[in-house]
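The values are calculated or read from the model by the stated rules, or taken from the named source; none is laboratory data. In this text the structure is predicted, and so the values were computed from the model without any measurement. Here the Cβ positions follow ideal geometry from the backbone for every residue, glycine too, while neighbour counts run over all protein chains shown. In case anyone asks, the SASA skips ligands and DNA or RNA and just uses the protein heavy atoms, side chains included. Shrake-Rupley method; radii C 1.70, N 1.55, O 1.52, S 1.80 Å.
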Amino acid sequence: QVQLVESGGGLVQPGGSLRLSCVASGSIFSINVMGWYRQAPGKQRELVAAITSGSSTNYADSVKGRFTISRDSAKNTVYLQMNSLKPEDTAVYYCNADLRTTSYRPVQRYWGQGTQVTVSS
């Protein structure tokens, strides 16, 4: 069994900052990519940022220059530092990991349960 648990969401005023964390635990052999997606009410889930095992990163255009994704591979943890938050960043943020549970199983994607981020004055 693999679990991804997010933390760090909450209510913040426009222009403020939040830091999300996501820890992967359980039967994990290796993790390739870890990332963050978000889903606002009435909208599709979208990629926010992703980071590979080699620390290459990818960001949605809407968050470039404001959000930073990082990773502690020793702790199977991924972070999302969110600065200069805007009301349009309001969404449920989901962590995901593309990982192997053993050396011979294919890579599978796992998801966390999501954490709410609300940007409002």
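Observations, loosely collected:
- Sequence-distant residues sharing a close amide H with Ser30 (under 5 Å, placed H): Arg100
- Additional length obtainable on full extension of the chain from Arg45 to Ser121, 0.36 nm per residue less Cα span: 24.9 nm
- For Arg66, nonlocal amide neighbours, meaning residues 5 or more places apart or on other chains whose placed amide H falls under 5 Å from its own, do not occur.
- The charge dipole of segment 1-66, taken about its Cα centre with unit charges on the Cβ of Lys, Arg, Asp and Glu (plus for the first two, minus for the last two), comes to roughly 140 debye.
- Whole-Hz ³J(HN,Hα) from phi, Karplus 6.51 cos²θ - 1.76 cosθ + 1.60, for segment 104-121, glycine and proline x: 10, 8, x, 5, 10, 9, 10, 10, x, 8, x, 9, 7, 10, 10, 10, 7, 8
- Multiplying the residue separation of Asn32 and Thr68 by 0.36 nm and subtracting their alpha-carbon distance yields 11.1 nm.
- All other residues whose Cβ lies under 15 angstrom from that of Gln108 are scored, Lys and Arg at +1 and Asp and Glu at -1, for a net of +2.
- The relative contact order of segment 35-121 comes to 25 percent, based on Cα pairs under 8 Å that sit 6 or more residues apart.
- Whole-Hz couplings from phi, Karplus 6.51/-1.76/1.60, listed for segment 67-76; x for Gly and Pro: 10, 9, 9, 8, 8, 10, 5, 5, 9, 6
- About its Cα centre, the dipole of segment 9-121 is roughly 160 debye, where the only charges are +1 on Lys and Arg Cβ and -1 on Asp and Glu Cβ.
- Eligible aspartates and glutamates near Lys86 by straight Cα distance, threshold 17 Å, same-chain separation 8 or greater: Glu46, Asp61
- Straight-line cross-link reach from Lys75 at under 18 Å between alpha-carbon atoms covers these aspartates and glutamates, not counting any fewer than eight positions away in the same chain: Glu6, Asp98.
- Only Cα pairs under 8 Å and 6+ residues apart enter the sum, and on that basis the relative contact order of segment 21-75 stands at 26 percent.
- For segment 35-100, the calculated P(r), taken from all Cα-Cα distances in 10 Å bins from zero up to the bin holding the longest distance, is 20, 54, 23, 3 percent.
- Computed from the Cβ-Cβ distance with R0 of 22 Å, the FRET efficiency linking Ser17 to Arg109 stands at 0.20.
- When Leu4, Leu18 are compared by accessible surface with a 1.4 Å probe, the order from highest to lowest is Leu18, Leu4.
- Solvent exposure of the chain, expressed per residue, is 53 Å² of accessible area, with all protein chains present and a 1.4 angstrom probe.
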